[in-house]
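The values are calculated or read from the model by the stated rules, or taken from the named source; none is laboratory data. From a predicted model like this one, the values you see are computed outputs, not experimental measurements. Every residue, glycine as well, gets a Cβ built from its backbone with ideal geometry; the counts of neighbours run over all protein chains shown. Areas reflect the complete protein model, heavy atoms only, side chains present, ligands, DNA and RNA absent. Shrake-Rupley method; radii C 1.70, N 1.55, O 1.52, S 1.80 Å.
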Amino acid sequence: MQDVVVEVCGLTKFYRNQAVVSDVTFRIGRGEIVGLLGANGAGKSTTLRAMVGLVKPSRGQVRLFGKLLEPSLLRFVGALIERADLYPYLTAAEHIGLVSQLKGLKPTKAAMEQLLERVGLASVAHQHVRTYSYGMKQRLGLALTLVGEPELIILDEPLNGLDPEGIADTRRLITELQQEGRTVIVSSHLLAEVEQVATHLLVLHKGKLIAEGKIEQVLASYGTTTIIEAEHSAAELCALLEPVCSAVQVRSNAIRVASADVPLVVMRLANAGVRVTAVIPERSLEQFYFAATCQQ
Ligand code: ATP
C-alpha cells in the first residue's frame, strides 16, 4: 500500500445514546481519490468531521499522516464540510488572505490570483461575496480548502448547487490535485460523478461501513448485470430462458440477466434461432450502490 494518510479505527459516535457512526475502520493511501457514499443521515459528515477534530469520537481514533489527530496536523489538511462560512462584505481575495493568515501563511498576490483562477473566480476576485451566486460561493469554499497546498483535502458534497460546468470543473480540479500527489476525500450523492473521479470507495449505511476498496474491485465484488437485446419480444426471451436462468424485461425487446449467465443466454437464444442484436454490460456505481445498501 502507498503511504497511509488517514487511518480511522473503530470510530463510533453516539448522539443521545444512539450510534450514528458505528465501529468504522478504514485506511486511505496517499494519492487516492476516495468517494464517500451513503444515504442522508448515513454518517458521512460525522465521519468527516471526526477526521478533522470537529466531532469528538465516543470511541475509536483517527490518525493522520501516521500520527494521532492533533491540531498541528490540520495545517496539512483542507476541509470543506457541509458549507463554507463566508463573510458577505469581504471579497474572495480577502477571504483567501484571511484563511492564509489563520494558517500562518503569507501567500504572494500571484499565488492568491492563481488559486482563484483555479476555481474560476479570478474575474470576481475583488467583488463582495454577497453578490455571488450559490455556485460561486461553493467555488470559493473550494478555493479556501486549497490555501497552503494541503496534502489531504476533504470535500463534503462539493458539487451541491454547482451547474454542469461547475461540476465538470470541480471534477477536473480533483483529478489535478491527485496528479499533484495529494489525497482527496469527496462525499457526494451524485454517483455518476463519483464514478468518474474516484479511485476508491467508502460506503456508509446507517452508520456502518458496508463496502470499501478500489472502485473497480468493489464494483466487481457485487456482480453485475448485462442487457441482452434481440429480434424477439422480451416476454418470449424470458420464456425461452426460464429453464436455465432468470431474466427480467427492461424494454420491449430487451432483457436483463446476470453477467455470469451471458454465455449460457447467448447460446440458448442462438440454439432457439433468436438473433441477438446487442449485449450491453451494465456496471455502474448506481447499480452497485442500490444492491449494496438493499442487502443490509
Ligand atoms: P447527509 O447526506 O444528509 O448530509 P450524512 O451521511 O452526512 O447525511 P450525518 O450528518 O453524519 O449524515 O448525520 C448522521 C446522523 O447523526 C443523522 O441521523 C443526524 O441527525 C445525526 N446527527 C448529526 N449531528 C448531530 C448532532 N450534533 N446532534 C444530534 N444528532 C446528530
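Numbers for the structure displayed
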{"quantity": "Acute angle (nearest 10 degrees) that the helix 109-118 long axis makes with the longest principal axis of the chain, alpha-carbon atoms", "calculated": "20 degrees"}
{"quantity": "Contour excess over end-to-end distance, with Cα ends at LEU74 and ASN271 and 0.36 nm allotted per residue", "calculated": "64.5 nm"}
{"quantity": "Average accessible surface area per residue within the chain, 1.4 Å rolling probe, Å²", "calculated": "51 Å²"}
{"quantity": "Whole-percent pair-distance distribution, where bins are 10 Å wide, for the alpha carbons of region 225-294", "calculated": "21, 55, 20, 4"}
{"quantity": "Positive-end residue of ILE33, PHE76, THR108, charge dipole of region 20-133 with Cβ unit charges", "calculated": "PHE76"}
{"quantity": "Folded to 0 to 90 degrees: helix 92-102 orientation relative to the chain principal axis, Cα", "calculated": "70 degrees"}
{"quantity": "List LYS206, LYS103, ordered by accessible area with a 1.4 Å probe, largest first", "calculated": "LYS206, LYS103"}
{"quantity": "HIS189, HIS205, HIS232, ranked by accessible area, largest first (probe 1.4 Å)", "calculated": "HIS189, HIS232, HIS205"}
{"quantity": "C-alpha long axis of helix 164-179 to longest principal axis of the chain, angle in °", "calculated": "80 degrees"}
{"quantity": "Centroid-to-centroid separation of region 25-53 and region 101-141 [C-alpha atoms, Å]", "calculated": "26 Å"}
{"quantity": "Cα-only radius of gyration and Dmax that characterise region 175-281, units Å", "calculated": "18.9, 55"}
{"quantity": "Kirkwood Rh and Cα Rg combined as Rg over Rh, evaluated for the chain", "calculated": "1.09"}
{"quantity": "Relative contact order of region 225-294, defined on C-alpha pairs under 8 angstrom at six or more residues apart (%)", "calculated": "42 percent"}
{"quantity": "Heavy-atom accessible area order for ARG49, ARG275, largest first, 1.4 Å probe", "calculated": "ARG275, ARG49"}
